[in-house]
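Beneath this line is the structure, given in structure tokens, with notes to follow.
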Amino acid sequence: MKNELLDTVVEAIQDKKGKNIVSLDMTKTGGALCSYFVICNADSTTQVGAIAAGIEEEVEKKLGQRVWRVDGAANALWIAMDYFDLVVHIFQTEMRAFYKLEELWADAPVTHYASEQ
């Protein structure tokens, strides 16, 4: 089954040169609040903010869907974007290494996406 929201989010991250892009299929974990987590990182807070803005713009343009809630935009160390069925986590690189969010759901199937390094 094709997930247009997931595809659009990943493409927007790639367009803004996000790194280490992965999606976690939360439907396989039981009791998850959403179907997918998308996680990526960037080396500066400026880039973290640009990725978030790019996602918001592309999703609204292509799918007509607005983000329900955005947290962390003020300091841009870790921005979380809630699209109800999909939650995006954009980390500043050091924050991602510290929190290791993927490890909290190690049983979730992971998809890795191409990104520039």
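Derivation of every value follows stated rules applied to the coordinates shown; laboratory data play no part. Every value quoted in this text rests on a predicted model; they were computed, and no experiment measured them. No Cβ is skipped: glycine too gets one built from the backbone with ideal geometry, and neighbour counts run over all protein chains shown.
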Looking only at lysines whose Cα falls under 27 Å of LYS28's and that sit 8 or more positions away or on another chain, we get LYS2, LYS19, LYS100
Any idea how far the Cα center of the stretch 1-45 sits from the one of the stretch 58-117, in Å?
6 Å
Counting helices only, and only those DSSP H runs with n ≥ 4, report the 222 nm mean residue ellipticity of the chain as the sum of -39,500 (n - 2.57) divided by its residues, in deg cm²/dmol to the nearest 500.
-10500 deg cm²/dmol
Under a 10 Å cutoff between Cα atoms, tell me which one of TYR83, TYR36, TYR99 has the largest fluctuation in the Gaussian network model of the chain.
TYR99
For Kirkwood radius over Cα pairs in Å the list reads (i) 14.6; (ii) 15.4; (iii) 14.0; the calculated value is entry (iii)
Restricting the count to DSSP beta bridges whose residues both fall in the stretch 4-112, what percent are antiparallel, rounded to a multiple of 5?
70 percent
Dipole magnitude of the chain, debye to nearest 20 (Cβ charges: Lys/Arg +1, Asp/Glu -1, about Cα centre):
40 debye
If the chain between THR29 and LEU63 were fully stretched, how many nm would it gain, using 0.36 nm times the residue separation less the Cα-Cα distance?
9.5 nm
Of all stretches in the chain that avoid trypsin sites (Lys or Arg not before Pro) placed in a DSSP loop and having at most 13 other Cβ atoms within 10 Å, the longest is 3-65
